[in-house]
Amino acid sequence: MPDYTIETSYRVPAYRHRTYQADTAALACRQAIEDDDWSGEKLSYEDAGENYISGIWNGVDAAYSGQAIPVPSHFSETLDRKVRHFEILLGLLKLLLADAQAGRAPSDDWIERAVSAVARGEAILAGARDPDDPAEGERL
């Protein structure tokens with residue numbers, strides 16, 4: 001049975017409380033975002049994020065010393081899954097919209113990909129593993 005080195009991570013939010021003078025709340029928010037001084041920051045351990053897999057390598061204690069193995073997407077951080085899937089959905093929407101604007105029926109291939117993308121999106125929102133995709137890899 002092979003050995004794998006798995007890097008598991010979680011994020012701990014850092015925060016600060018600081019007062020800004022501005023004409024509007026939006027301008028105060030802008031000042032806070034642009035403020036690079038994080039002295040006195042606090043960590044919010046009670047708001048720590050989910051555990052996720054951030055790296056996989058073949059072998060014992062092999063982190064960063066060999067070829068990384070791709071992390072199956074359902075073990076990635078949920079936010080990362082959503083961002084990557086947004087790109088897929090946007091690409092499909094643009095292609096389907098182009099067909100509609102040109103008065104063409106969408107191809108069966110694009111419809112199949114859209115059905116698969118919807119199922120994957122539902123899995124992400126449910127916190128579930130990705131459904132098996134009949135198409136190999138993420139094409140687009």
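Here, each number is a calculation from the coordinates, and none is a lab measurement. All of these numbers come straight from a predicted model, not from anything done at the bench. Virtual Cβ from ideal backbone geometry, glycine too; neighbours counted across all protein chains shown.
Odds and ends about this structure:
- The chain shape via C-alpha gyration tensor axes, a/c threshold 1.5: oblate
- Calculated mean residue ellipticity at 222 nm for the chain: -13000 deg cm²/dmol, from DSSP H runs with n ≥ 4 weighted as -39500 (n - 2.57), summed, divided by the residue count and rounded to 500.
- Förster radius 35 Å - calculated FRET efficiency between residue 8 and residue 34 (Cβ-Cβ, nearest 0.05): 0.55
- Over every Cα atom in the range 4-58, the radius of gyration and the widest Cα-Cα span, Dmax, amount to 17.1, 56 Å.
- Net charge dipole size for the range 4-58 [Lys, Arg +1 and Asp, Glu -1 on Cβ; Debye, nearest 20]: 60
- Working from Cα pairs under 8 Å separated by at least six residues, relative contact order for the chain is 22 percent.
- Residue exposure proxy: 86, 75, ordered by other Cβ atoms within 10 angstrom of their Cβ from fewest to most, comes out as 86, 75.
- Computed E for residue 41/residue 122 - FRET, C-beta separation, R0 30 angstrom, nearest 0.05: 0.20
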